[in-house]
Amino acid sequence: MSGMKLSITEKLGFGAGDMAVNIVMITMQLIIAYFYTDIYGLDPTDMGILFIVVRLIDAISDPVMGMITDKCNSKHGHYRPFMLWFAIPFGVAVYLAFITPDLAYSYKLAWAYFSYILLTLLFTVVTIPYISLIGVITDDPVERLSANGYRFVLVKVAAFLVTIVVPALALYLGDGNIRDGYQPAMGLMGILGSILFLVCFFTTKERIKPVIEKTKLKEQARLLFANDQWLLLCVVLVLLMCGIVIRGSVGAYYAKYYLNGGDILISPFLATGVTASILAMIASTWITKFYCKIKLFRYSQILTFVLCIAMYFTVGQDDIALAFVFTFLIWFFADQYMPIFWSSIAEAVDYGHRKTGTRVSGLAFGGISFCQKLGMGVAGGLLGYLLSYFNYQADVEQSEFTLNGIALLATVIPAIFHLAVGLIMRKYFISNEYYDEISSDLKLANRQ
């Protein structure tokens, strides 16, 4: 086991970067669909198409950014400089994405495309280097898992800001009009995101110089597709994001319409899930100290499936307290995977290095980021299509057919994705013990 220990300050600084990332990511997962339909005024089908188009653009931008990070070799390292260079543009893009112009529908749709694509591109520019950073600040798998524990607690702080602070700020800054208040509220979040990226830059250090092979893109792709564990993580991430984004995005609709709580119930309902998710990060980091991380990943997703199905059949429209209980439990078990998954990516890259004899890092992390966004795009497209299918219309009394559709979107439909993840993870085998063998073999090969 390596001796590359990280200080608490550096772990917090590393986590600050992900807090900045997730001001946008959590917004995409929990708020953006509701914002576009109920505040911005998009048709659900147009919203779904927008989400899909943006993710198709990611198909190009993510792998390209992965290769750019490999070629970057400044005095600050390979990955950290991007957080310095693009911190402020990132914050500006967050602000622009939440402008609600008083224009004809076609022009509003055009602005939604422009601002969301701009935000997504800048998100890629900072996110790809960030998720690569964990592989170069330490090579100790336990320290990586611990750093990811700090990281995901701060992620959920970002989720609190998005789900509780932003709606309250939007009402206050909009003088009671949430539509007018979202722009300045998210502008403040953009400023905070810029600051957090700068904190991450100044508090972390790249200790490990990644071995960048001068391999052509086609050959890198071939090597990646020979890495069965990396491919498995890609499939798992797409499925996870489908389940998480559909379940998270429909939470606002579920609280407002199915539970008949109106706008006032949305924040506490989403905050319940976020609270459970924070506790899940802490619990996962603690449990994996004495229990197999792979089994925890697998069984927590299967249990999430069971809880989602139970919620659909037992929670009626008047069972608000029971809905909160199930929401807490579902989020708690569903998010056990987070520290485990994100620490596993660097380990899968090393596994591929030992298996093929060539290290493919930038494209691997770029591919992972693309799979995350692909899952979000598929989920957004499905959400838009299914909301239209269930005859959803913003700010009107919903039919029984629509309400049942919202309940299905909150429970049964995401449950299927969580079950698939639990079953597929039976094929993942890079435990801490096995990774120690991989690390030792790579160090021995480097000495020769």
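The values are calculated or read from the model by the stated rules, or taken from the named source; none is laboratory data. A quick note: this is a predicted structure, and the numbers were derived from the prediction, not measured. For neighbour counting, all protein chains shown are included, and Cβ atoms are generated from backbone atoms with ideal geometry for every residue, glycine included.
Looking at Leu223 and the list (1) out of contact with any Gly (no Cβ under 8 Å at 6 or more places or on another chain); (2) of a type outside the set (D, E, K, R); (3) over 27 Å from Leu119 (Cβ atoms), which single condition is not satisfied? Every condition holds for Leu223 apart from (1). Scanning the range 304-319 for residues that are in a helix (DSSP H, G or I) and surrounded by 18 or more Cβ atoms within 10 Å (Cβ to Cβ) yields Thr304, Phe305, Leu307, Cys308, Met311. Being farther than 30 Å from Ser440 by Cα, under 21 Å from the mean Cα position of the chain (by Cα) and crowded, with 18+ Cβ neighbours inside 10 Å is a description that does not apply to Ala59.
For (1) touching a helix residue (DSSP H, G or I) at 6+ places or on another chain (Cβ under 6 Å); (2) over 22 Å from Ser194 (Cα atoms), each residue gets a yes or a no:
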site	(1), (2)
Phe35	no, yes
Leu56	no, yes
Ile68	no, no
Lys71	no, yes
Tyr79	yes, no
Pro89	yes, no
Tyr95	yes, no
Tyr107	no, yes
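Flag not set for His418, criterion: in contact with a Lys or Arg (Cβ under 7 Å, 6 or more places away or on another chain), surrounded by 22 or more Cβ atoms within 10 Å (Cβ to Cβ) and not charged (D, E, K, R).
The set of residues in the range 364-407 that are in contact with a Lys or Arg (Cβ under 6 Å, 6 or more places away or on another chain) and surrounded by 24 or more Cβ atoms within 10 Å (Cβ to Cβ) comprises Lys373, Gly377. Return yes or no: is Ile246 modelled with pLDDT under 90, within 28 Å of Ala394 (Cα to Cα), out of contact with any strand residue (DSSP E or B) (no Cβ under 8 Å at 6 or more places or on another chain) and β-branched (Val, Ile, Thr)? In short, no.
Considering the range 264-303, and only residues there that are part of a helix (DSSP H, G or I) and aromatic (Phe, Trp, Tyr), the residue that is farthest from Thr327 (Cα to Cα) turns out to be Trp286. Residue pairs whose Cβ atoms lie under 7 Å apart, sitting 6 or more positions apart in sequence or on different chains, and linking a residue in the range 177-190 that is aromatic (Phe, Trp, Tyr) to a partner that is at pLDDT below 90, are Tyr182/Phe35; Tyr182/Ile39; Tyr182/Phe98; Tyr182/Thr100; Tyr182/Ala170. The set of residues from the range 107-133 being within 18 Å of Thr69 (Cβ to Cβ), among the β-branched types (Val, Ile, Thr) and modelled with pLDDT of 80 or more comprises Thr120, Thr124, Val125, Val126, Thr127, Ile128. Candidates are the residues of the range 5-48 that are of a type in the set (Ser, Thr, Tyr) and under 21 Å from Tyr182 (Cα atoms); the one that is farthest from the chain's Cα centre (by Cα) is Tyr40. Beta carbons closer than 8 Å, at least 6 apart along the sequence or on distinct chains, pair a first residue in the range 123-134 that is within 20 Å of Gly190 (Cβ to Cβ) with a second that is among the charged types (D, E, K, R) and not in a helix (DSSP H, G or I) for Pro129/Arg80. Selection over the range 69-85 of residues that are among the basic types (Lys, Arg) and buried (at least 18 other Cβ atoms within 10 Å of the Cβ) gives a count of 1.
In the range 161-176, the residue that is nearest to Leu192 (Cα to Cα) out of those that are more than 23 Å from the chain's Cα centre (by Cα) and in contact (Cβ under 8 Å) with a residue 12 or more places away in the chain is Leu169. Number of residues in the range 62-119 that are touching a residue at least 60 places away in the same chain (Cβ under 8 Å) and under 18 Å from Pro184 (Cα atoms) equals 14.
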